[in-house]
Amino acid sequence: MNYRTLNDLNTLILNNLYKIPKNIDLIIGVPRSGLLVANLLALYLNKRISTPELFSNNIILSNGISRPIDNNEIKTVLVVDDSCNTGNSFSKTRKLLSNNSNIDYIYLAAYTTNNGKNFLDIYFEVIEWPRIFQWNIMNSWINKNAIYDLDGVLCENPKIDDDGELYIKEIINAKPKFITKYNINIICTCRLEKYRNITEEWLKSNNVKYNNLVMMQYNTKEERVKANCHAQFKADVFKKSSSNVFFESDYNQAKIIKSINPNKLVFCVDKMIFV
C-alpha cells in the first residue's frame, strides 16, 4: 500500500517549488482535494487562487474574498489537483476552462501514476496503485470491505464510562467523528451488548451504513475490564471476517490487532497511520 500523509504532501510541495514557472498569474485548484495542494502552493508562492467554476465566471479569491477580474490581466494559469491517473478530472476541467482559450494553462498533480503523466505538464511524485492519501482515506475505495471501531472512529470517545445513566447519556449524544460514505462491512466495538438498541439508533440517526454490528457479550463494565481483552476481541473478529482493513482508534490496540492479522491492513485513526 502506497500511503502519503499531509506531512508527506507538504514536504513534497516544498521540495518541488522550483518546478513552478515564475510567470504564473493564478493558481486554480480542482475541488476538492486539488484545493488542498493549490492553497499550499498559493501561500508559499504568494499567488492568487480560484476554482474552475469561479474562474469560468471571472471570479478569483483574494485574501478569502471573491472578487471579479478582467481576464486580460491573467496570462498564465497553473491548474492543480492532488493526483492523476485516468485524466478524467483534468479532462472535465479543461472543458470548463475552454472559453478562456487565450490563456496558457499548465496542468500539475502532486502525485501521479505513470499513466497519469500523459495528462500533465508538471508532477512531483510517481506512485502506482494501490495508493491512498491521509486527506481522503475515510472516504476512499479502501472502505469498501472494512471493519470500523466505533468509539474514537465513528464518534468521539465517551468522557464518562460509569456503566450507568451518565454513560447512556454520553453514547446517545456522542458527537460524530468520521462518517464514511461507504457501507461498512462490520462495526466492531467493545461496547456491551446491552447497549445495542441505543447504539443502533445512534448509527441510524447519523446515516452510518453497515452490515453487522459486533459488540462484547459481558454483562457489566467490571466483567469487561477484568477480561482485559479489548484488542484480542477485535483481532479475532477481524481474523474471521472477509474484511481486509480495520480502522482502530487506539494505537496500542491497533498494534495488537495487526500482530494477530499480519497479512491484513490496520489503520490507526488517532495517529492517521497504517500500523
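Each value in this text was obtained by applying a stated rule to the coordinates, not by laboratory testing. Since the structure is predicted, the reported quantities are computational estimates derived from the model, not experimental observations. Note that we place each Cβ from the backbone using ideal geometry, even for glycine, and neighbour counts take in every protein chain shown.
Evaluate the relative contact order of region 140-274 (contact order divided by residue number), counting alpha-carbon pairs under 8 angstrom at least 6 apart; express in whole percent.
In percent, rounded to a whole number, it is 27.
For region 2-135, what percent of Cα pairs sit more than 26 Å apart?
Every Cα pair in region 2-135 considered, those over 26 Å come to 17 percent.
Please compute the modelled spin-label separation between ASN183 and LEU54, points set 7 Å along Cα→Cβ, answer in nm with one decimal.
Modelled inter-label distance: 3.8 nm.
If neighbour count is taken as other Cβ atoms inside 10 Å, put THR189, THR113, THR180 in order from fewest to most.
THR113, THR180, THR189
What translational diffusion coefficient, to the nearest whole µm²/s, does region 176-242 have by Stokes-Einstein, given a Kirkwood radius computed over alpha-carbon pairs, a temperature of 10 °C and 1.306 mPa s viscosity?
123 µm²/s
Explain nothing, just compute: Karplus ³J(HN,Hα) = 6.51 cos²θ - 1.76 cosθ + 1.60, θ = phi - 60°, for every residue of region 237-245 in order, whole Hz, x for Gly and Pro.
4, 4, 4, 7, 8, 8, 5, 10, 8
Compute the angle between helix 33-45 and the longest alpha-carbon principal axis of the chain, please, reported from 0 to 90 degrees and rounded to the nearest 10.
For helix 33-45, the angle is close to 60 degrees.
Neighbouring Cβ atoms within 10 Å as the yardstick, rank VAL79, VAL275 fewest first.
Result, fewest neighbours first: VAL275, VAL79.
With +1 on each Lys and Arg Cβ and -1 on each Asp and Glu Cβ, how big is the dipole of the chain about its Cα centre, in debye rounded to the nearest 20?
Using Cβ point charges on Lys, Arg, Asp and Glu, the chain gives about 500 debye.
Ranked by Cβ crowding within 10 angstrom, fewest neighbours first, how are PHE246, PHE124 ordered?
In order of increasing Cβ crowding within 10 Å: PHE124, PHE246.
Just how large is the dipole of region 166-223 about the Cα centre, in debye to the nearest 20, putting +1 at every Lys and Arg Cβ and -1 at every Asp and Glu Cβ?
300 debye
If we restrict to alpha carbons, what Rg and Dmax does region 140-274 come to, in Å?
Expressed in Å, the Cα Rg and Dmax of region 140-274 come to 13.9, 41.
State the extension gain, in nm to one decimal, for the chain segment bounded by SER140 and LYS92, taking 0.36 nm per residue of separation less the distance between their alpha-carbons.
My answer for the length gained is 15.2 nm.
Of the trypsin sites (Lys or Arg not before Pro) in region 191-275, which ones lie in a loop per DSSP and count no more than 12 other C-beta atoms within 10 Å?
LYS209
Of the peptides 15-23, 165-173, how do they stack up when ordered by the mean number of other Cβ atoms within 10 Å, highest first?
Ranking the peptides 15-23, 165-173 by packing returns 165-173, 15-23.
Provide the gained length on full extension for the span ASN118 to LYS22, in nm with one decimal, where the gain is 0.36 nm per separating residue minus the Cα-Cα distance.
32.2 nm
Which value in nm describes the separation of the simple spin-label points at ASN46 and ARG196, placed 7 Å from the Cα toward the beta carbon?
The modelled label-to-label distance comes out at 6.4 nm.
With the convex hull built on the Cα atoms of the chain, state its orientation-averaged projected area in nm².
Average of the hull's projected areas for the chain equals 16.9 nm².
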